2 protein chains.
Amino acid sequence: MKLPLTWTLGHSPSPDAYPARMVPANVPGNANLDWGKAAGLPDWKFGTNFEQYRFMEDVFWLYEARIPPVELAEGESRYFVAEGIDYAYVILLDGVELGRHEGMFSRREFLLDGFVAENALRNDAKCTFSGGLEGSEKLLQIWISPPPKDPRAEKDSRAEAAQSAKPAVSYGWDWHPRLIPAGIWEAAYLEVHPRSYIKDISLTYTLNGDFSEALLDFRADIVGIGQTRLTLYDPDGPAVLIMTGDGSAVLKHPRLWWCLGYGKPELYRWEAVLCMDGNEVDKAAGRIGFRHLELTMNEGVWEEPMGVPVTRNAVPITLTLNGVPVFAKGTNWVNPEIFTGTITRDSYAPLLALAKKANFNILRCWGGAIVNKDSFFELCDELGIFVWQEFPLSCNNYYDSVPYLTVLEQEARAIINRLKKHPSLAIWCGGNELFNSWSRMTDQSAALRLLNKLCYELDPERPFLATSPLCGMAHGNYLFRYEDGREVYAAMPSLHHTAYTEFGVPSISNLDCCLMAADEADIFPMEINDVTVAHHAFGAWPDENGSAWARLETIRDYFGEPQTLPQLIEHSQWLQGEGYKCIYEEARRQKPYCSMALNWCYNEPWPTLANNSIVNYPAEPKASFSDVAAACRPALISARIPKFVWRGGEEFSVGLWLLNDGQDVIPAGVAVVSVELAGVSYPLAEWKYGAALANTNLEGPSVGMALPCLTGAGQRKLVLRIEAGELSSVYRLLYR
Amino acid sequence: MKLPLTWTLGHSPSPDAYPARMVPANVPGNANLDWGKAAGLPDWKFGTNFEQYRFMEDVFWLYEARIPPVELAEGESRYFVAEGIDYAYVILLDGVELGRHEGMFSRREFLLDGFVAENALRNDAKCTFSGGLEGSEKLLQIWISPPPKDPRAEKDSRAEAAQSAKPAVSYGWDWHPRLIPAGIWEAAYLEVHPRSYIKDISLTYTLNGDFSEALLDFRADIVGIGQTRLTLYDPDGPAVLIMTGDGSAVLKHPRLWWCLGYGKPELYRWEAVLCMDGNEVDKAAGRIGFRHLELTMNEGVWEEPMGVPVTRNAVPITLTLNGVPVFAKGTNWVNPEIFTGTITRDSYAPLLALAKKANFNILRCWGGAIVNKDSFFELCDELGIFVWQEFPLSCNNYYDSVPYLTVLEQEARAIINRLKKHPSLAIWCGGNELFNSWSRMTDQSAALRLLNKLCYELDPERPFLATSPLCGMAHGNYLFRYEDGREVYAAMPSLHHTAYTEFGVPSISNLDCCLMAADEADIFPMEINDVTVAHHAFGAWPDENGSAWARLETIRDYFGEPQTLPQLIEHSQWLQGEGYKCIYEEARRQKPYCSMALNWCYNEPWPTLANNSIVNYPAEPKASFSDVAAACRPALISARIPKFVWRGGEEFSVGLWLLNDGQDVIPAGVAVVSVELAGVSYPLAEWKYGAALANTNLEGPSVGMALPCLTGAGQRKLVLRIEAGELSSVYRLLYR
């Protein structure tokens, strides 16, 4: 029985000073937004308004709620439950400390009053309070400290997050303003437990070699006494198994959970009831998906010439699901909101529906961000989308210290135990870019050894990576045209990697998104100013053009000076769409040596003016989204294109491929290839392709023609069309 | 109080059939040798006699000892203690099972009779026996099963060791015959404990940042009751600290433990006494060395151009001791005996004394071999020689299975807890060449994740490597002249590695060793026959010449057909000595990017005819030993030499270096360089070198001369001499 509370909040420079003003608070939510609303601060998403929220990173927040009196029945006990408070806090009841905690990912229960069984006391996470409460209201107070800042770090840098389990992205990133949320970001409520109740249910399984049987193991963690019974229901509804009390049972012919593009994500439902003296006193329910997943070595790695030293050039990064090697097509997911307390199932649902539409079967949840709420994983389980989950370490040196390792262990245990039940959870990873020269963590870093140890202990069958990238894997590049002048068309075929776990092509945001961020006058003509810098069009990282994601010089070189904001957006997203198509399709051509392609990034937590994302805030696809979706279809005919700009008289030549990640044979057929220029279609070739086996690409011929010399000034679109029914593809290039 | 037992043994095809014959048995020892002696089998080291011992790998061994009656005082208890039995066994007392165990590295105690305190029963490793024993002798029997053989493995291959913690080398290696020891290989005895006694003492420490204070932590594991007092004595003898009961204390200005060449290996002694009612009832003693050791990233790695992907090219492999980066000069240590039960402190002592003489500061104890006995580590502590200790995995795929992982965890726990107190222990490592194409284990292998976890849990400050080699490190090559015709002089400078953790140059063994292995008639002229193949001159691994370590074709090319066995040995060891000098000195020139050079291998467990070792069985240095010792001096003047064979009229040119790993500045001086040919010395150059800072090399000039054209047929020795006092060096080359 969960009872909500009514909250107020205020801030103070010190927990010794009561706030000058208390205002209504949303729980779950963020203090920053509640205070901003009450104080009449302007929309933080617009212009440089977010700077008015900056002072909040130096205050102490006080949350208060009245605890109503309660009449407890014999053996009942009442708790205050906090599923997650961001970030370090002390809880007081009528001025007496109930407990304190550092870390936003741990669920904590605090006993308020009632029956204290030996079982309940065993749990370190509970603190008893000895004062009597019956008969009158009491005051619950939560003091939240300012966000952690490593004193060794440069002021206002992301390195301030380097001794905490606080997501580093809040401290500022090249697509995220510096805005550090605080508050009760997950549910918090009162809960009354009977004398006997279900504390936790563990239902795990092992599949046999041919996946024809699942050996189920059922353990109920019960407070008090009673008998538990678990019923398992198959995906269509009927009960298929009943287990009475802890123990094992065999499920014959389990319907397997598959990721998108490889089969159905079958989920079984279970219900557990706790009975005492023949009466049901508590119940619990959940889901389970049966699948066998391992990271296997990419095909060809062991055969590569090694010379001295004779060790492998790459780590295993092929997700092999129920015995089938998966080509992982997906993206890097970032927080859907900067103020993570406002994230709900409704924040996730439209973004995940789009991910399915993009034919993505994996999301990398990088270490700069939060570990998402339960509903994210529930939706991924249902959609068949794998999750690569990193711990909250990113781009810093999280150096060895006892206080840090203590918090990390406690938070990691909470994360692993919360998420390990999800069939969509594919990989644990220590964090983002930790073995890079700007982070300088290594295999010897205690934090990474600890995380590997905890994952092995609590969830031994799930693969663990120390970080991304590792040997053989690639992060980058993030441009359509690199600094050295090469286009992505030339660069990608020269790479030889097992997994492209980050790559980007930037674009200007959709018009609606741009206008959410700023007035048109501030952003067109697009120039460096406070607003365009704040929203990452410029200056997000240092380069010779002072530019970041707008890349105006590239757009100007291809298309000339943009005349309108919509035209600028159209050209920019054109490059982004074609660039992403090139990368995803080239990575797929490199299968099976390559087994993964994830663009940086999918979405964004606020309206940027330019970004590598393909979905604008909050969930608006860019034009390039449909290009990516096309490139990630299970099967298509793809062209390897040498460059973007073509001239009359030049030999236009492309290589044809049938890319098939599907589980079905693609029957033989004919692809009709043509070039369309100025409304005229020029036949290029017919490719009579043979049948393509399941999960296997076919390399086709190179086809070419001399391009006609069109008269008249200006540039035109050159459209390469491949007509082959559902396998058809279109590429939009430039002709001059 | 330890009481020895008198043992007999016999063998049987099954534990159901009592052996037809029982013979005297040595404990510690090996059943193979005891049986061989009793049965009159010939010396296993000679010729192919070892084949007559092969049948023993398929028998069950029975060890028997009579347990005398005992009068126990009030509260006393008596145990049978087995410090290590090789490999899987069941123990019976008068026919009743006392316990069973798989794994040779665990100490086990079995309660025989007497007081059973709750404390004693808590330990899973003890099994109580309910039968009354007082008043009459009883029979202790130990049945040892045949060595483990993974049923998936090819018969008679090393892969048979792939699901056990049995050292793989016994199953046959390119320098080790297939001979699999069995038996009670460590001490086994009766022990009577009083009611209260010391079970274990843990004395650990943390050094502060500038190593000026050690925070000591003292924990006594006591059975029964009593008060413990620990006294710490400094390396010169006086007591410096007394701790009463468990707790912490600060030792100011601890004298630090240093490895060879960097300082003194200071060892403190401690004594602990257990007192009850004012009486000392038990005591224990041990040693502790204070040092801070970490694996730091090699200088230059983070600065290397990375491109895409942006991860590091190498793992950290610089041993940084008390803040000083050490250049690790050493070797790969192998079992000093095939029959490991015969190894004693006296087996280790002469070999380790030689290692010190060779200026080695580290020994890599590879995963194919046993984990050495306590006296090995005690000697290394005293000598200041680091130990890189691998777990017993080598060159196989130790695949995930519950039975294997269970045994591995139990054995690894025993190994870690036994050895972690030694200051010489530098690195834990999962095993040998596990990420190589012939092993195909990966970062995801459960065995390696488990070992990382256990090391972090039980000994968190000690570095852990998954295997050797890892990224940046090199194993190989193992020849003076490679298969592609390049000499080691040309090959080594072209390599760029952080650590050369294996490299070899083979030679024919010393004459005494050869004659221990075979009659001269069987080995000279040296041809392929049963004996030369058995003792690894030929056929140890497949190559186009059918050859392995004799490399006769190389010797013939340089020196012509050998006329006598001593001449063959001399020429072969000449190449070995110069080859090793080249590699060690070149690795040192590559400092600080390179931080380690370990040749394969140091010693050998039986008389080979040819091997990469520099010490023959049992502890006889080859001629090349002194070359290696010279190359590993803390400081020397070294020449980078381009090739081995020179002709009259040719320009002879070498590059000069002052190599300094020492902790002192080398003052400026003059090195006089000359070439000696046919007894005549030709002055080459004088190098006036400046002062070399501590731990820093100096690159000098290249110096050269046109070689004189000597008349007369035949080849001559060309000696390059560098005279510079203690820094002098000599290189012996060929002139034609």
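The values are calculated or read from the model by the stated rules, or taken from the named source; none is laboratory data. What you are looking at is a predicted structure, and each value in this text was computed from that prediction instead of being measured. Every residue, glycine as well, gets a Cβ built from its backbone with ideal geometry; the counts of neighbours run over all protein chains shown. Side chains included, ligands, DNA and RNA excluded: accessible areas come from the protein's heavy atoms. Shrake-Rupley method; radii C 1.70, N 1.55, O 1.52, S 1.80 Å.
If the convex hull of the alpha-carbon atoms of region B:501-603 is projected onto planes in all directions, what is the mean projected area in square nanometres?
Averaging across all directions leaves 7.2 nm² for the Cα convex hull.
Considering the rotational relationship between chains A and B, which residue of chain A contributes the beta-carbon of minimal distance to the axis, and what is that distance to the nearest Å?
Residue and rounded Å distance to the axis: A:Lys453, 2.
Calculated FRET efficiency, B:Thr564 and B:Asp58, Cβ-Cβ r, R0 41 Å, to nearest 0.05?
0.45
If you average the sequence gap of Cα pairs under 8 Å that are 6 or more apart and divide by the length of region A:195-288, what percent do you get for the contact order?
28 percent.
How far apart, in nanometres, would the label points at B:Leu458 and B:Arg100 be if each is projected 7 angstrom from Cα along the Cα-to-Cβ direction?
That separation, rounded to one decimal, is 2.3 nm.
Show me the three semi-axes of the equivalent ellipsoid for region B:2-192, from the C-alpha gyration tensor (sqrt of 5 times each eigenvalue), largest first, rounded to whole Å.
In descending order the semi-axes read 33, 19, 13 Å.
Could you point to the residue in A:Gly504, B:Gly99, A:Gln567 farthest towards the positive end of the protein assembly as shown's charge dipole, with +1 and -1 charges on the Cβ of Lys/Arg and Asp/Glu respectively?
Final value for the positive-end residue is A:Gln567.
Under a Cβ-only charge scheme (Lys and Arg +1, Asp and Glu -1), can you give me the dipole magnitude of the protein assembly as shown about the Cα centre, in debye to the nearest 20?
1580 debye
Please list B:Met1, A:Met516, A:Met104, B:Met705 in order of solvent-accessible area, largest first, computed with a 1.4 Å probe with all protein chains present.
Correct descending sequence by accessible area is B:Met1, A:Met516, B:Met705, A:Met104.
Run through the DSSP bridge list for chain B and note the antiparallel percent, rounded to the nearest 5.
The answer is about 80 percent antiparallel.
Over all Cα pairs of region A:635-735, how is the pair count split among 10 Å bins, expressed in % and running from 0 up to the last occupied bin?
16, 47, 25, 11, 2
Calculated from DSSP H runs of 4 or more alone, at -39500 (n - 2.57) each and per residue, what is the 222 nm mean residue ellipticity of chain B, nearest 500?
-5000 deg cm²/dmol
Percentage of Cα-Cα pair distances in chain B greater than 47 Å, rounded to whole percent?
That fraction is 24 percent.
Under a crude label model (7 Å from the Cα following the beta-carbon direction), how far is B:Val680 from A:Asp484 in nanometres?
5.5 nm
Counting other Cβ atoms within 10 Å, keep those with at most 11, restrict to DSSP loop, and tell me which GluC sites (Glu not before Pro) in region B:368-406 are left.
Nothing satisfies the criteria.
So what is the relative contact order for chain A, in percent, with contacts set as C-alpha pairs under 8 Å and at least six apart?
After rounding, I find 10 percent.
Using only Cα atoms and rounding to the nearest 10 degrees, what angle (0 to 90) does helix A:345-357 make with the longest principal axis of chain A?
So the inclination is approximately 30 degrees.
Please report, for the Cα atoms of region B:435-588, the Rg to one decimal and the Dmax as a whole number; what are they, in angstrom?
Here Rg and the maximum Cα pair distance are 19.5, 60 Å.
Using the alpha carbon gyration tensor of the protein assembly as shown, what are the three equivalent-ellipsoid semi-axes (square root of 5 times each eigenvalue), largest first, in whole Å?
The answer is 57, 47, 33 Å, longest axis first.
Among DSSP bridges having both ends in region A:635-735, what percentage is antiparallel? Round to the nearest 5.
Here the antiparallel bridges make up roughly 90 percent for region A:635-735.
Would you be so kind as to identify which of A:Ser702, A:Leu734, A:Val672 lies farthest towards the positive end of the dipole of region A:635-735, taking Lys and Arg as +1 and Asp and Glu as -1 on Cβ and the Cα centre as origin?
Farthest towards the positive end: A:Leu734.
Under 27 Å from the Cα of A:Lys37, which lysines turn up, not counting those fewer than eight places away in the same chain?
Partners within reach: A:Lys45, A:Lys149, A:Lys166, A:Lys373.
With the full set of protein chains in place, find how many percent of the accessible area of the protein assembly as shown is carbon and sulfur; take the probe as 1.4 Å.
That fraction is 52 percent.
Taking a probe of 1.4 Å and counting only protein heavy atoms, give the total accessible area buried between chains B and A in Å², rounded to the nearest 100.
3700 Å²
With the cut-off at 19 Å, report for region A:417-525 the share of all Cα pairs above it, as a whole percent.
64 percent
Please identify every one of the trypsin sites (Lys or Arg not before Pro) in region B:1-94 that sits in a loop by DSSP and has no more than 14 other beta carbons within 10 Å of its own beta carbon.
Those that pass, being in a loop and sparsely packed, are B:Arg21.
How big is the charge dipole of region A:635-735 about its Cα centre, in debye rounded to the nearest 20, if each Lys and Arg gets +1 on its Cβ and each Asp and Glu gets -1 on its Cβ?
Result for region A:635-735 is approximately 440 debye, rounded to the nearest 20.
If you wrap a convex hull around the Cα atoms of region A:311-382, how much volume per residue is inside, in Å³?
124 Å³
Take the Cβ-Cβ distance between A:Lys283 and A:Ser136 as r, set R0 to 35 Å, and report the resulting FRET efficiency rounded to the nearest 0.05.
With R0 = 35 Å, the Cβ-Cβ based efficiency is 0.60.
For region A:195-288, how big is Rg over Rh, using alpha carbon atoms and the Kirkwood form of Rh?
Using only Cα positions, Rg/Rh for region A:195-288 is 1.02.
Taking every DSSP beta bridge that has both residues in the protein assembly as shown, what percent is antiparallel when rounded to the nearest 5?
So the antiparallel bridges amount to about 80 percent of the total.
I'd like the projected area of region A:151-309, averaged over all directions, using the convex hull of its alpha carbons. Report it in nm² with one decimal.
18.3 nm²
To the nearest 0.05, how large is the calculated FRET efficiency for B:Asn208 and A:Gln227 if R₀ is 60 Å and r is the Cβ-Cβ distance?
With a Förster radius of 60 Å, E is 0.60.
When only DSSP loop residues count, what GluC sites (Glu not before Pro) in region A:148-206 have their Cβ near at most 16 other Cβ atoms within 10 Å?
Of the GluC sites (Glu not before Pro), the ones in loops of region A:148-206 whose Cβ has at most 16 other Cβ atoms within 10 Å are A:Glu154.
Rounded to two decimals, what is Rg over Rh for region B:151-208 when you use alpha-carbon atoms and the Kirkwood radius?
1.26
Charges on Cβ only, +1 for Lys and Arg, -1 for Asp and Glu, centred on the Cα centroid of the protein assembly as shown; of B:Val81, B:Ser547, B:Pro316, which one is farthest towards the dipole's positive end?
About the Cα centre, the residue reaching furthest to the positive side is B:Ser547.
Contact order normalised by length for region A:635-735, with contacts defined as Cα pairs under 8 Å and 6 or more residues apart; what percent is it?
With pairs under 8 Å counted, the relative contact order is 35 percent.
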